[in-house]
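In what follows, a single structure is set out as structure tokens and then discussed.
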Amino acid sequence: MTTSHEARAESCPPTRGMAPGGLPLLGHALPLRRRPLEFLAALPAQGDLVEVRLGPRRMYLACHPDLVQQVLRDSRTFDKGGPMFDKVRLLTGNGLATSCWAEHRRQRRLVQPAFHQERMAGYAAVMDHEITSMLDSWQEGRVLDVHAAMQALTARVIVRTLFSTRIEDWAVDEIQRCLPVITRGFFTRMVAPLGLMEKLPTRRNREFDRALERMRNVIDQTVSSHPTGTDHGDLLSSLLGAEDEETGERLAGHEIHDQVMTLLMGAIETTSNTLAWTYHLLGENPETEARLHREIDSVLPGRRPGFDDLPHLGYTQRVVTEALRLYPPTWLLTRSTTCEAELAGLRLAPGTTVALSFYALGHNPALFSDPERFDPDRWLPERAKTVPRGAWNSFGGGSRKCIGDRFATIETTLVLAAVASGWRLKPHPGPSIRPEPKASLSTGPLPMIPERRRQGSSAPPGPLSRE
Ligand code: HEM
């Protein structure tokens, strides 16, 4: 079946446009800063490739899924680079997420084994342990900030899977204390145009510098005390033991440090925001929540989920996929052209910034019917076939695709299933939740009320699922 969008793409050459409402000197810097999501979501109406001006600089937003695919797949031409990445490298070092094409291929070969399928059951056991500890601390009726709870959970999960039980509790606590300070300051530094504000001796800057220093120390100490030569089933063992099949090379000490920092930064906010948005959406859509409960009650009668249950939790996974469409944590990405390139028939000089917005794609009515509707069944195999290729990329694509996609899918599915097998989170009356587009797309504080749930208690009569 061909969608109207694909039919148009087959018959017409790609269109180009300019973002509306630019101001002299500033261009579109103000709307992009003040209301970035609305601004980006309106751009596909202007063309398949849309020019945005940021003061004297230009950026091109690829809005058509074919162009998005072209950029993601040709990571040699559309590479990570430019002033924003230079700043990120100062913080995380030159790890997988920031390295340039030539260096990235070697790094990816070395890090990939840590994410092989056969290691996942071990990681799932760590997730299960941490999810159980979180649920044991919940009190019925006592308001819970679900955003903060999911952040704490995902931080503990990645720390424990990176370092297994060999990391001491003080180090886990230290990382958990430092990370929110670092992620908050990280975005401010990424978008600051001149790089001067972060050098002022303000309280926030001092806190950020201290947290970064403490984080570096704790990573160094933990890595250096980790015995080499034995595989403990954790991510770090795999990184320490990794050997490049082509060259026989291993990761150097500073590279291990950068990869650990990259994995910590890449795993926590993305996964916790996905979970927070999912709970927000379930709170607003009680019928969807009831269907999720019915699946859990039927697959896991009276017990908690485990790794082997994952293939049977299809609806639960569709709920997460749909939450990622509406609120993709990575709402904006940029690339920089490494040579003269062509996109939508436009010749781009080397060093041109090309942007992709998974938020704009997910809310585009030409790609998704009734795009504001939370409808997990749009991911049923038959209906998913009608979604144009390249329209859903919440984990990115090509050689830079998220290395933790499977890890994150396991974690989010296990959390949803474990919570639903004993609890539900009810919306708390209060101000409406508005997306906060920072380094990751956040709900901000998300107060909800935990309520105990007996299996079968919130499932109105109806078919279990339509697959
Ligand atoms: C729902 C959760 C997650 C989402 C939505 C997500 C999204 C993404 C996206 C869109 C990219 C590509 C960025 C780009 O092309 O510039 C990416 C890359 C990456 N992610 Fe994730 N991520 C998630 C969870 C994780 C987890 C759990 C880990 C680690 C355990 C992780 C580690 C990374 C790393 C290291 C990269 C860089 C990969 C490379 O360039 O080779 N992510 N992620």
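The values are calculated or read from the model by the stated rules, or taken from the named source; none is laboratory data. Note that the structure is a prediction, hence the values are computed from the model and not measured. Positions of Cβ are backbone-derived with ideal geometry, glycine not excepted, and every protein chain shown enters the neighbour counts. We work out accessible area using only protein heavy atoms, side chains counted, and drop any ligands, DNA or RNA first. Shrake-Rupley method; radii C 1.70, N 1.55, O 1.52, S 1.80 Å.
P201 meets each of the listed conditions (1) surrounded by fewer than 22 Cβ atoms within 10 Å (Cβ to Cβ); (2) in contact with a Gly (Cβ under 6 Å, 6 or more places away or on another chain) apart from (2). Considering the stretch 101-119, and only residues there that are hydrophobic (A, V, I, L, M, F, W, C) and crowded, with 17+ Cβ neighbours inside 10 Å, the residue that is farthest from L310 (Cα to Cα) turns out to be W101. Condition check for P328 on (1) open to solvent by less than 10 Å² (accessible area, probe 1.4 Å); (2) near the ligand (Cβ under 8 Å from one of its atoms); (3) part of a helix (DSSP H, G or I): one failure, at (3). For the stretch 397-416, filtering for residues that are open to solvent by 20 Å² or more (accessible area, probe 1.4 Å) and closer than 23 Å to V260 by Cβ leaves 8. Could you tell me whether any residue of the stretch 272-279 is within 25 Å of A152 (Cα to Cα) and among the small types (G, A, S)? Yes, some residue in the stretch 272-279 is within 25 Å of A152 (Cα to Cα) and among the small types (G, A, S). Only a single criterion out of (1) more than 14 Å from the ligand (Cβ to nearest atom); (2) among the hydrophobic types (A, V, I, L, M, F, W, C); (3) over 22 Å from S164 (Cα atoms) is not satisfied by A152, namely (3).
Residues of the stretch 368-402 that are closer than 30 Å to G82 by Cα and more than 12 Å from the ligand (Cβ to nearest atom): R389, G390, A391.
Where helices (runs of 4 or more DSSP H) sit wholly within the stretch 228-310, those with at least 1 residues that are within 26 Å of C402 (Cα to Cα), within 16 Å of the ligand (Cβ to nearest atom) and open to solvent by less than 40 Å² (accessible area, probe 1.4 Å) occupy 235-241, 253-284. Within the stretch 333-347, restricting attention to residues that are surrounded by 19 or more Cβ atoms within 10 Å (Cβ to Cβ) and within 18 Å of Q46 (Cβ to Cβ), the residue that is nearest to the ligand (Cβ to nearest atom) is L343.
Taken together, the residues in the stretch 204-227 that are surrounded by 14 or more Cβ atoms within 10 Å (Cβ to Cβ) and at pLDDT below 85 amount to 1. Of the residues making up the stretch 10-52, those that are buried (at least 19 other Cβ atoms within 10 Å of the Cβ), under 24 Å from R347 (Cα atoms) and in contact with a helix residue (DSSP H, G or I) (Cβ under 8 Å, 6 or more places away or on another chain) are A19, H28, L40, L43, P44, D48, L49, V50, V52. Considering only residues in the stretch 348-374 that are free of Cβ contacts under 8 Å to residues at least 60 places away in the same chain and surrounded by 20 or more Cβ atoms within 10 Å (Cβ to Cβ), the one that is farthest from the chain's Cα centre (by Cα) turns out to be F368.
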